[in-house]
Amino acid sequence: MLSGKRYNTLNDELYRFFNEKVSKISIDGGFTCPNRDGLISDKGCLFCSEKGAGEFTRANLDINEQISEQIEIIRKKWDANKFIAYFQSFTNTYGDLSDLRTKYEKALNRKEVVGLAIATRPDCLSDEIYDYLEELNGRTFLWLELGLQTTNDFTAKLINRGYDKEVYETALFELRKRNIKVVTHLIFGLPNEDKNDMIETVKYISKTGIWGVKFHSLYIQTNSRLYKYYLENKFKLLSKEEYVDIVCESLTYLPKEMVIHRLTGDADRNLLFEPKWSSDKLGVISSIDKRLKELLIFQGINYS
Ligand code: SF4
């Protein structure tokens with residue numbers, strides 16, 4: 001059933017395509033990241049936690065076990081038959097083609113899995129990987145997730161993203177050329193950024209032809225470098241009201257058909273330092289829905 005939200009949710013998009021509810025399963029595929037293992041840097045992105053953005057995955061289990069375990073958990077909540085295997089932790093194209101193939105195919109061999117989502121860095125995609133992804137795209141519902149976070153070059157350096165915007169643009173070009181769906185991650189509230197920087201980033205991605213977007217609120221976990229950075233630099237954190245306001249305005253600049261995969265971050269409560277409001281994910285989403293309604297605005301209203 002469609003949600004009736006003022007933006008195009010991933011659930012709605014998947015429902016339209018598969019004609020039933022499709023759930024996502026987060027997987028740790030056992031990859032690492034060149035921004036952490038020393039190839040590019042040994043520090044990682046400033047906000048990245050020890051789990052490489054896969055807070056809720058189970059690294060100690062085999063891919064098949066992870067899938068079985070999560071299907072069981074989801075089925076306790078609702079009647080679910082179809083699943084997207086989401087390779088979430090670290091950089092999921094950082095490896096030999098044969099390694100990627102083994103891992104992805106393991107997930108696809110499960111009859112319940114109807115698609116793949118792969119989170120990666122734009123500098124970890126070679127010609128042979130693009131070609132394999134193109135082949136995968138022809139036989140399953142596939143999307144790639146790229147962490148851009150911001151288009152501000154100064155911030156990109158500050159957070160140690162480890163690649164330039166042009167690298168993101170090249171990857172986007174190669175993926176779009178092969179009709180592979182791309183989802184871009186953005187973070188609102190990065191150090192030294194104001195609302196103008198964030199809206200500039202949103203306007204930029206609105207024109208790139210990407211399939212979807214994930215909005216994250218910056219949060220500080222005690223197991224990230226950001227924790228130490230914050231204690232030493234005490235930059236301004238967004239309040240919940242400011243964050244809701246920025247997300248609502250951002251939605252108006254995006255094309256109507258762009259898929260909204262995420263509206264806020266998802267910190268591990270046990271590790272969350274600040275801002276405390278970010279632990280209430282459902283509360284933030286409901287405030288966004290309420291604010292959009294109050295302002296009588298919706299996704300795409302300011303897109304041109
Ligand atoms: S690219 Fe991803 S996994 Fe690697 S350091 Fe940055 S956030 Fe962490």
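Here are some conditions: (1) outside any loop (DSSP other than H, G, I, E, B); (2) open to solvent by 10 Å² or more (accessible area, probe 1.4 Å). Tyr94 meets all but one. Which one does it not meet?
Evaluating Tyr94 over (1) outside any loop (DSSP other than H, G, I, E, B); (2) open to solvent by 10 Å² or more (accessible area, probe 1.4 Å) leaves (1) as the failure.
Name the residue, out of Lys103, Lys177, that is free of Cβ contacts under 8 Å to residues at least 60 places away in the same chain and of a type in the set (Lys, Arg).
Unique residue meeting the criteria: Lys177.
Of the residues Glu128, Glu169, Glu135, only one is more than 30 Å from Ser279 (Cα to Cα) and in contact with a Leu (Cβ under 6 Å, 6 or more places away or on another chain); which?
Glu128 is the lone residue from the list that is more than 30 Å from Ser279 (Cα to Cα) and in contact with a Leu (Cβ under 6 Å, 6 or more places away or on another chain).
Go through region 199-227 and give me each residue that's modelled with pLDDT of 95 or more and either under 14 Å from Thr264 (Cα atoms) or among the polar types (S, T, N, Q) (or both).
Thr201, Ser206, Thr208, Val213, Lys214, Phe215, His216, Ser217, Leu218, Tyr219, Ile220
Would you check if there is a residue in region 78-87 being within 30 Å of Phe273 (Cα to Cα), away from the ligand (no atom under 12 Å from the Cβ), at pLDDT below 95 and surrounded by fewer than 18 Cβ atoms within 10 Å (Cβ to Cβ)?
no
I need a count of the residues in region 284-304 that are open to solvent by less than 80 Å² (accessible area, probe 1.4 Å) and free of Cβ contacts under 8 Å to residues at least 40 places away in the same chain.
Result for region 284-304: 2.
For the subset of region 128-158 comprising residues that are out of contact with any Gly (no Cβ under 6 Å at 6 or more places or on another chain) and polar (S, T, N, Q), which member is nearest to the ligand (Cβ to nearest atom)?
Residue satisfying both the conditions and the ranking: Gln149.
When region 1-42 is examined, which residues are found to be out of contact with any strand residue (DSSP E or B) (no Cβ under 9 Å at 6 or more places or on another chain) and either in contact (Cβ under 8 Å) with a residue 60 or more places away in the chain or part of a helix (DSSP H, G or I) (or both)?
Once the filter is applied, which keeps residues that are out of contact with any strand residue (DSSP E or B) (no Cβ under 9 Å at 6 or more places or on another chain) and either in contact (Cβ under 8 Å) with a residue 60 or more places away in the chain or part of a helix (DSSP H, G or I) (or both), region 1-42 yields Arg6, Arg16, Gly30, Thr32, Cys33, Pro34, Asn35, Ile40, Ser41.
Would it be correct to say that Arg75 is surrounded by fewer than 16 Cβ atoms within 10 Å (Cβ to Cβ), closer than 30 Å to Tyr227 by Cα and more than 16 Å from the ligand (Cβ to nearest atom)?
So Arg75 does not fit the description; no.
Please go through (1) within 16 Å of the ligand (Cβ to nearest atom); (2) among the charged types (D, E, K, R); (3) at pLDDT 95 or above; (4) within 20 Å of the chain's Cα centre (by Cα) for Asp12 and return the number of the only condition it doesn't satisfy.
With (1) within 16 Å of the ligand (Cβ to nearest atom); (2) among the charged types (D, E, K, R); (3) at pLDDT 95 or above; (4) within 20 Å of the chain's Cα centre (by Cα) applied to Asp12, the lone miss is (1).
The values are calculated or read from the model by the stated rules, or taken from the named source; none is laboratory data. All values derive from a computational prediction rather than experimental measurement. Because the Cβ atoms are built from the backbone with ideal geometry, glycine has one as well, and the counts that use them run over all protein chains shown. Keep in mind that these areas ignore ligands, DNA and RNA; they rest on the heavy atoms of the full protein, side chains included. Shrake-Rupley method; radii C 1.70, N 1.55, O 1.52, S 1.80 Å.
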